[in-house]
Amino acid sequence: MDDPSSDWQRELADDPEFRALSPEQRERLLAVMEKMLEMGVCAVYGDESDDAPDSPWECNAYLHRCQAKCCTFSFALTKEEVDRGAIRHNPDRPFFIARDGDGHCPHLDRTTLQCLVWEQRPLRCRRYDCQGDTNVWPDGVPRP
């Protein structure tokens with residue numbers, strides 16, 4: 001893992017227990033984790049602590065350009081978010097956000113591109129900032 005490509009890989013690379021493994025063990029562990037993520041067997045969480053700030057990104061100024069691309073991303077919910085019941089989850093992939101047939105979040109109003117559960121939206125949505133995400137902005141963030 002010379003060049004970690006994701007946040008969880010960078011965090012793992014800094015972990016003393018991971019660094020204590022042989023290079024072969026590290027590569028095997030990473031391969032298994034990637035496969036488990038692909039299969040939906042596990043999830044890697046970001047900073048879901050209540051004291052972390054929400055992203056300051058002004059989504060509404062850009063929705064007409066990005067068409068709520070982030071609302072097509074698959075991500076894990078916390079156990080608490082599923083237990084509260086305000087956010088629909090995927091029954092076939094427990095603890096993952098649900099998706100409608102068109103691939104979008106079921107909480108997205110397709111006409112206005114507004115989140116219908118904005119005040120109760122998942123912490124992952126609250127923390128997400130698309131500014132540097134090439135999945136949303138392959139050519140860089142446009143002006144509003």
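Rule-based calculations on the coordinates, nothing more; no lab input. This one's a predicted model, so the numbers in the text were calculated from it and none came from an experiment. Methodologically, a virtual Cβ is constructed for each residue, glycine included, from the backbone with ideal geometry; neighbour enumeration extends over all protein chains shown.
Dipole orientation for the stretch 73-142: of the candidates PRO91, LEU113, VAL136, PRO91 has the Cα lying most toward the positive pole (charges on Cβ; Lys, Arg +1; Asp, Glu -1). In percent, what relative contact order does the stretch 59-132 have, based on Cα pairs under 8 Å that are 6 or more apart in sequence? Relative contact order for the stretch 59-132 comes out at 27 percent.
Remark on HIS89: its backbone amide H falls under 5 Å from those of ALA98, a criterion applied only to residues 5 or more positions apart or on other chains, H modelled at 1.01 Å from N.
Summarising the label geometry, the points placed 7 Å from Cα in the beta-carbon direction at ASP83 and GLN67 lie 3.9 nm from one another. Modelled spin labels at LEU37 and ARG126, positioned 7 Å past Cα toward Cβ, are 2.4 nm from each other.
Each label point was placed 7 Å from the Cα along the Cα-to-Cβ direction; for ASP54 and ALA98 their separation is 2.2 nm.
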